[in-house]
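The values are calculated or read from the model by the stated rules, or taken from the named source; none is laboratory data. It should be emphasised that the depicted structure is a prediction, and the values quoted were computed from it without experimental measurement. Methodologically, a virtual Cβ is constructed for each residue, glycine included, from the backbone with ideal geometry; neighbour enumeration extends over all protein chains shown. In case anyone asks, the SASA skips ligands and DNA or RNA and just uses the protein heavy atoms, side chains included. Shrake-Rupley method; radii C 1.70, N 1.55, O 1.52, S 1.80 Å.
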Amino acid sequence: MKSLFLSLLVLWPALCIQAQRLNVLFIAVDDMRCDLGCYGAKHVQTPNLDRLAASGVLFNRAYCQQAVCNPSRVSLMTGMRPDSTKVWYLSTEMRSVVPDAVTIPQHFRKHGYYALGFGKIFHNPWPDNVSWDEPHVWPDNPSWSKAAEEKLAEFREQMRAEGKPQARIDRMRAVATEVLDIPDKEHFDGAIGEQAVTAMRRLATEKQPFFLAAGFVRPHLPFVVPRKYWDLYDRSKIPLAKNEYLPHGAPAMAFGEFQGGFYELRDYMDYADARWPKDGPLSAAQQRELKHGYYAAVSYIDAQVGRLLDELDHLGLANNTIVVLWSDHGWKLGEHGGWCKQTNYEIDTRAPLMIRMPGAKANGTKSDALVEFVDVYPTLADLAGLPVPEKLEGTSLKPLLNGTATKVKDAAFSQFPRREKDGNYMGYAMRTEHYRYIEWLELSSRKIAAQELYDHESDPEENENIATKPEHADLLARLSAQMWKTLPRPTFQWQEPATMASSKSPALLPWHPATGAALPKSEPKGPKLAVTFQNQTPAAVELIWISPQGAEKRYQTLEPKDTFDIRSSGGAVWVIKDANNKPLGHFQIQGTADKPVKAIIPAP
């Protein structure tokens, strides 16, 4: 009996720690910039986000590592920068380049947590089921009304009659803004919220600690939300951006051929002919319509976040749950004449980050410390009492939360690639207390092709690139040295992402030209293989997956020389069609799981 008592005495601290392990509520939001009440934007109504900020720590200067969905999310979820994950493009599946990466939920699962994910946590096509204890399931709620879908069908027929390329027709979507007369739960994001609330109720009855992730798609385009959120705003009183022009003196690659992601807006039928930022801003009426829609979408998501917070309180879990809320990047609402993201500027790289740790000393305050999204992984592990993996490239923010520090780093870093007609570039941005410094490297030589410098004390909107002024030469040299002292200077010989998918040489899949004969049956039952499709034709092609039932699912438009990385099961059939929907040929996936394969679409 005495030995049993002594054994219990020794084990008691560990048992107490196990009993008190904190849950995690992990909330992701797509394309949400810092136009929130808690960030000082009093014209935007976000009462639930404001109360989360008031009960936790709001980070005023949090920066993503690349201002576009897939690379940013992969970086945050793995705790590694884009140069380490090799995910720089929307078209690169994470597991095709870092198959053994351990994501945040995987790490928590390794240490006894039950992890569930709903909505958009990773990029849409790849929810990464290996990260979760249960398979990810998207709601089947539509994004637009039936009337809007019918108008889109008519618009596509008109495009076809005008001889527009099939690839352009396939990319076209319905309206960018729409008022819906439906309850919150019938909307796509409302359904995601319902999934998460239902799961929270189930998890609350279990003894196992949980990691519950809910990812909301709005305020990403299209701005299609229920009417009551539109009615919160008077469109005529919404302020417009004052700097409707490109930064003076910025190099061409800063916005690139597609003008900082502006092509995304032109994929909606009512903005298909919107003029590019280089040609001038949108009309005031267009800007007000888009900003009205964006703010309505923000307020709608605010209500969904409120549902999660209310349920946490109702279930008695708030005092035992870490809450973190983040957005994958910022978004332009007319600044620099732009809409959407995809630049290295403050407006696109800065995004909301809030963390509420039960009992944290700094709760209820705002931190002006420079922080990065790669810091989220080590922070959550640290707060939950889990080991922090050595491979992580971020820094725990726990000292900021417990009030023992006011800063954890001297700078925050972002990057963005540009594939331009005159070469491939990677822009590396460093945000310090005083400056934003951007260095554009030409990737074959890794030499500096251009520099940008913005003084945030005199130019917080980043309207004037002062890097070209001779008097700043010494400052540029110091900032460049600081950047490469912190970041590992890229030493790899740049290649398209596909050829970097594995250190092993990929096997070539046989190309089967179209002959008019029936396709082989698609039987995706084999092992998942890392597949790289490469378009060597002189025109755009469509990449289409064939289901076992013979249905077509369009995955990607590949421009000449473009590549697309994905993990696909052995036995699956992929068809290639031209812009006029004419079959060119097909591939059937085959190989072994440990060896990548390459599918080259040959020139005729």
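List of remarks:
- Within region 458-477, the set of residues being in a loop (DSSP other than H, G, I, E, B) and in contact with a Leu (Cβ under 8 Å, 6 or more places away or on another chain) comprises Asn465, Ile466, Ala467.
- Apart from one condition, Asn344 fits all of (1) in a loop (DSSP other than H, G, I, E, B); (2) surrounded by fewer than 23 Cβ atoms within 10 Å (Cβ to Cβ); the exception is (2).
- Residue check for Met32: closer than 25 Å to Phe223 by Cβ, in a loop (DSSP other than H, G, I, E, B) and modelled with pLDDT of 95 or more: yes
- Annotation: of all residues in region 201-216 being open to solvent by 60 Å² or more (accessible area, probe 1.4 Å) and outside any helix (DSSP H, G or I), the one that is farthest from Asp270 (Cα to Cα) is Lys207.
- Residue that is open to solvent by 40 Å² or more (accessible area, probe 1.4 Å), within 28 Å of the chain's Cα centre (by Cα) and either within 17 Å of Phe413 (Cβ to Cβ) or without any contact (Cβ under 8 Å) to a residue 60 or more places away in the chain (or both), where the choices are Ser480, Ser444: Ser444
- Single condition Ile121 does not satisfy, out of (1) open to solvent by less than 60 Å² (accessible area, probe 1.4 Å); (2) at pLDDT 95 or above; (3) in a helix (DSSP H, G or I): (3)
Every residue, every condition in (1) of a type in the set (Phe, Trp, Tyr); (2) more than 23 Å from the chain's Cα centre (by Cα); (3) surrounded by fewer than 24 Cβ atoms within 10 Å (Cβ to Cβ); (4) on the phi < 0 side of the Ramachandran plot, yes or no:
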| site | (1), (2), (3), (4) |
| --- | --- |
| Leu312 | no, yes, yes, yes |
| Thr321 | no, yes, yes, yes |
| Gly330 | no, no, no, yes |
| His336 | no, no, no, no |
| Asp348 | no, no, no, yes |
| Lys361 | no, yes, yes, yes |
| Ser367 | no, yes, yes, yes |
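- Residues in region 1-29 that are modelled with pLDDT under 95 and in contact with a Lys or Arg (Cβ under 7 Å, 6 or more places away or on another chain): there are none.
- Single residue of region 369-386 satisfying the filter (over 23 Å from Leu309 (Cα atoms) and of a type in the set (D, E, K, R)) that is nearest to the chain's Cα centre (by Cα): Glu372
- From Pro560, Pro538, residue being more than 17 Å from Pro510 (Cα to Cα), free of Cβ contacts under 8 Å to residues at least 60 places away in the same chain and either open to solvent by 50 Å² or more (accessible area, probe 1.4 Å) or of a type outside the set (Gly, Ala, Ser) (or both): Pro560
- Scanning region 162-220 for residues that are charged (D, E, K, R) and under 26 Å from Pro127 (Cα atoms) turns up Asp170, Arg171, Arg173, Asp184, Lys185, Glu186, Asp189, Glu194, Arg201, Arg202, Glu206, Arg218.
- Yes/no for Asp313 being within 22 Å of Glu433 (Cα to Cα), part of a helix (DSSP H, G or I) and among the charged types (D, E, K, R): no
- Applying the set (1) open to solvent by 30 Å² or more (accessible area, probe 1.4 Å); (2) more than 27 Å from Gln195 (Cα to Cα); (3) in contact (Cβ under 8 Å) with a residue 12 or more places away in the chain to Asp133 leaves exactly one unmet item: (2).
- Count of residues meeting criterion [touching a helix residue (DSSP H, G or I) at 6+ places or on another chain (Cβ under 9 Å), open to solvent by 30 Å² or more (accessible area, probe 1.4 Å) and hydrophobic (A, V, I, L, M, F, W, C)] in region 149-174: 1
- Scanning region 217-259 for residues that are closer than 21 Å to Arg288 by Cα, touching a strand residue (DSSP E or B) at 6+ places or on another chain (Cβ under 8 Å), among the charged types (D, E, K, R) and surrounded by fewer than 22 Cβ atoms within 10 Å (Cβ to Cβ) yields a single hit, Arg227.
- The residue that is most open to solvent (accessible area, probe 1.4 Å), counting only those in region 421-439 that are modelled with pLDDT under 95 and outside any strand (DSSP E or B), is Lys421.
- In summary, Lys164 fulfils each of the numbered conditions (1) touching a residue at least 24 places away in the same chain (Cβ under 8 Å); (2) in a loop (DSSP other than H, G, I, E, B) with the single exception of condition (1).
- Residue ID - modelled with the highest pLDDT, chosen from residues in region 567-604 that are open to solvent by 50 Å² or more (accessible area, probe 1.4 Å) and either of a type in the set (A, V, I, L, M) or in contact with a Phe, Trp or Tyr (Cβ under 7 Å, 6 or more places away or on another chain) (or both): Leu584
- Residue satisfying condition, being out of contact with any Gly (no Cβ under 7 Å at 6 or more places or on another chain) and either buried (at least 20 other Cβ atoms within 10 Å of the Cβ) or within 30 Å of Ala241 (Cα to Cα) (or both), within set Gly112, Gly40: Gly40
- Residues being open to solvent by less than 40 Å² (accessible area, probe 1.4 Å), of a type outside the set (Val, Ile, Thr) and out of contact with any strand residue (DSSP E or B) (no Cβ under 7 Å at 6 or more places or on another chain) - total across region 370-383: 4
- Subset of region 384-418 that is in contact with a Gly (Cβ under 8 Å, 6 or more places away or on another chain) and surrounded by fewer than 17 Cβ atoms within 10 Å (Cβ to Cβ) - its residue that is farthest from His456 (Cα to Cα): Pro389
- Residues that are part of a loop (DSSP other than H, G, I, E, B) and not small (Gly, Ala, Ser), drawn from region 256-300: Glu257, Phe258, Gln259, Asp273, Arg275, Trp276, Pro281, Leu282
- Check on Thr78, crowded, with 19+ Cβ neighbours inside 10 Å, out of contact with any strand residue (DSSP E or B) (no Cβ under 7 Å at 6 or more places or on another chain) and either over 22 Å from His220 (Cβ atoms) or touching a residue at least 24 places away in the same chain (Cβ under 8 Å) (or both): yes
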